[in-house]
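The structure appears below as structure tokens.
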Amino acid sequence: MTRNACLIIALAAALVLPSGLSVSLPSIPAATATTCPVHFLGLHGLNEESDLRSLPINETWKTFESAVAAKSVRPIRNLISFPKVTTQEFLAKTWKSRAGVEPDVNAGISAIQRTMDRAVRQCPSTKFVLAGYSLGAWVVDKFLLTDSHRRPLVLAAQLYGDPQWNDPGKGQGLAVILGRSLRTPYPPFADRVQSLCNHRDPVCGTGYRAGTLDLTPRAVDLQKVKCPSSAHCYSGRSTTRGGQFLASRANVDWNNRAYRLTCDDLVSKAVPVSVRNGQGDARGGGIGDYDHWQVNIQRITRGTVPRLGDVTAVLFSCSPQPSNFRLQELRIYRTADGREVGRTPTFQVAELSPQYQPETVRFRSGRLLADVKFYGPGDSHATGPSILRHVTWRWDGSRFVKQSQIDAKKPDRTELSTQRVTVNGIGPLQIGMTRTEAEQAIGARIPEGPGGPDCKDLSIERGPEGLLLRFSNDDRLVAISILSPASISTASGIHRGSTRDEVLTTYAREIKEPNTDELVFTPSGAQFQGKVITFAMDDNGKVDRFVAGEKKFAIPLPCGSD
């Protein structure tokens with residue numbers, strides 16, 4: 001069977017800017033250049049009257065404006081007006097009213113649509129970036145999910161403190177626990193949406209018991225919101241990170257640009273393909289004995305590679321017509337300017353070409369990774385490939401080369417809720433493991449998530465609620481965190497709710513009290529050197545949460561906290 005014959009078918013509490021601060025919004029100019037400006041649309045949060053007086057939105061705009069201007073991209077900010085909703089109104093409407101805050105959310109969506117339409121009339125190729133804070137994040141969520149006509153014009157969206165936040169391993173937003181969830185994967189369209197939720201932010205809910213209707217703790221915390229100390233205030237590193245994320249997507253519009261492809265070496269010389277909204281055609285000479293190639297972008301993911309820096313990988317699907325097969329091609333580009341740096345080599349197989357699993361293509365620890373399904377002896381074109389393998393590529397200084405290709409194992413899933421925590425890990429999870437090794441050890445995925453400059457706290461897919469795994473940015477498991485509502489204990493029986501006296505008695509001379517809020521267990525054995533368990537105490541002198549692992553990382557605050 002030859003390759004050409006038959007292959008593969010198939011957006012909060014009140015935030016007030018310092019007095020005297022003003023923002024000048026330019027009107028949308030008529031198109032006078034071949035390149036349209038990128039428009040920034042900000043949507044304010046609860047208790048806020050407009051995005052002009054929203055600290056997170058203003059800080060995000062300033063970072064975005066500075067970053068894209070350095071790349072000769074012309075940014076414009078638009079005022080988006082929709083109703084002010086107070087925290088009390090939000091809770092009352094969401095809990096008691098059948099319509100809830102949907103009319104307010106829909107008003108925000110209509111404002112986005114009017115602004116986009118006006119800008120596109122002025123310059124047809126205009127693109128947009130969105131920033132949504134609190135209630136404004138909800139507006140962005142619903143807009144992206146429901147407006148398929150305008151959605152392709154959005155390069156990226158940044159969300160803060162979203163009531164629709166939904167991560168069962170970390171917490172759920174107010175909209176979710178009050179039955180107003182949009183009931184879609186969160187965040188929507190993750191390839192171009194970044195969502196940040198601070199620990200104990202009462203609106204998005206990370207750190208609160210997921211799935212419960214007891215709103216008392218969160219209602220109390222909502223009344224305490226005062227910036228900049230509240231968890232629902234996003235400023236500094238958070239908004240810098242958000243603005244930079246939007247800028248990275250505006251510098252290059254990966255879904256609307258020209259590429260050069262070979263249809264996975266179907267031809268020896270790459271041919272030009274103009275892609276619009278993620279789809280394109282290759283025609284003319286140089287494409288073999290075909291009328292045209294149908295090309296689709298299946299995955300866009302960004303990462304860092306040694307000696308290359310910030311790069312973006314794009315996975316293409318190519319279907320020569322007329323034919324009944326489909327091929328894939330994975331190419332890597334510099335994120336800042338879109339220049340191609342290389343591609344992964346074609347798999348040299350005697351059988352049908354293997355299939356990349358698009359959602360698994362990612363960068364980790366300076367490597368490019370993907371799960372790929374290969375055809376086995378009993379597999380056919382109709383049934384599809386059955387052999388799943390984890391494939392890793394590295395940059396050797398001039399090209400991407402395959403580093404490893406490992407058959408995916410399916411070990412029995414480990415029930416970690418019954419395991420006990422030590423300074424060395426929990427159950428089969430050992431401090432020092434890579435994320436891939438950890439996933440293989442427990443038989444479950446550990447999905448990517450937001451973090452800080454040194455680490456990230458990740459939950460286990462369908463894992464115990466309140467158990468977080470802390471990975472350093474070089475992909476090592478460095479600590480285990482036990483938060484509400486987890487009842488997991490240490491090897492010595494200390495758990496959330498244990499008293500200060502119980503902790504002091506249990507660990508005797510190996511405990512330190514650096515302050516009234518923390519107790520640090522530092523085992524004396526040489527084999528435990530550099531590892532500790534830090535217990536964070538609540539106002540009643542009981543353990544609220546604890547973190548075990550490397551001393552540098554065993555701190556009770558979440559990664560990325562300001």
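The set of residues in the stretch 388-444 that are farther than 14 Å from ASP371 by Cα, of a type in the set (D, E, K, R) and open to solvent by 40 Å² or more (accessible area, probe 1.4 Å) comprises ARG394, ASP396, ARG399, ASP412, ARG413, GLU415, ARG420, GLU437. Among residues that are of a type in the set (D, E, K, R) and outside any loop (DSSP other than H, G, I, E, B), ARG183 is not included.
Looking only at residues in the stretch 124-153 that are among the charged types (D, E, K, R) and over 17 Å from the mean Cα position of the chain (by Cα), the one that is surrounded by the most Cβ atoms within 10 Å (Cβ to Cβ) is LYS127. Within the stretch 163-185, if we keep just the residues that are among the charged types (D, E, K, R) and at pLDDT below 85, the residue that is most open to solvent (accessible area, probe 1.4 Å) turns out to be ARG183. Looking at ALA508, ALA536, ALA554, which one is touching a Ser or Thr at 6+ places or on another chain (Cβ under 7 Å) and not charged (D, E, K, R)? Among ALA508, ALA536, ALA554, only ALA554 is touching a Ser or Thr at 6+ places or on another chain (Cβ under 7 Å) and not charged (D, E, K, R).
Looking only at residues in the stretch 497-516 that are open to solvent by 90 Å² or more (accessible area, probe 1.4 Å) and at pLDDT below 90, the one that is farthest from THR422 (Cα to Cα) is THR516. If we keep just the residues of the stretch 449-463 that are in a loop (DSSP other than H, G, I, E, B) and surrounded by 21 or more Cβ atoms within 10 Å (Cβ to Cβ), which is modelled with the highest pLDDT? By that ranking, first place goes to ILE460.
The condition of being open to solvent by 30 Å² or more (accessible area, probe 1.4 Å) and β-branched (Val, Ile, Thr) holds for only one of THR304, THR335, that being THR304. Screening the candidates CYS227, CYS233, CYS204 for the property of being open to solvent by 30 Å² or more (accessible area, probe 1.4 Å), assigned to a loop (DSSP other than H, G, I, E, B) and under 30 Å from PHE90 (Cα atoms) yields one hit, CYS227.
Looking only at residues of the stretch 186-233 that are touching a strand residue (DSSP E or B) at 6+ places or on another chain (Cβ under 9 Å) and aliphatic (A, V, I, L, M), we find that the one that is modelled with the highest pLDDT is LEU196. Annotation note: Cβ proximity below 7 Å between a residue of the stretch 49-74 that is farther than 30 Å from LYS226 by Cβ and β-branched (Val, Ile, Thr) and a residue that is at pLDDT below 95 and open to solvent by less than 20 Å² (accessible area, probe 1.4 Å) (sequence gap 6+ or interchain) occurs for VAL68/VAL38; VAL68/ALA247; VAL68/ALA250; VAL73/VAL38; VAL73/ALA250.
Residue-wise test of (1) over 11 Å from ASP264 (Cα atoms); (2) of a type in the set (Asp, Glu); (3) part of a strand (DSSP E or B).
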| site | (1), (2), (3) |
| --- | --- |
| VAL311 | yes, no, yes |
| PHE316 | no, no, yes |
| ASN324 | yes, no, no |
| LEU330 | no, no, yes |
| ASP337 | yes, yes, no |
| GLY342 | yes, no, yes |
| PHE347 | no, no, no |
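Taking the criterion of being under 15 Å from TRP138 (Cβ atoms) and either in a loop (DSSP other than H, G, I, E, B) or open to solvent by 10 Å² or more (accessible area, probe 1.4 Å) (or both), the residues of the stretch 41-55 that qualify are HIS44, GLY45, LEU46, ASN47, GLU48, SER54.
The values are calculated or read from the model by the stated rules, or taken from the named source; none is laboratory data. Computed from a prediction, not measured in an experiment: that's the story for all the values here. Backbone-built Cβ (ideal geometry, glycine too); neighbour counts: all protein chains shown. Keep in mind that these areas ignore ligands, DNA and RNA; they rest on the heavy atoms of the full protein, side chains included. Shrake-Rupley method; radii C 1.70, N 1.55, O 1.52, S 1.80 Å.
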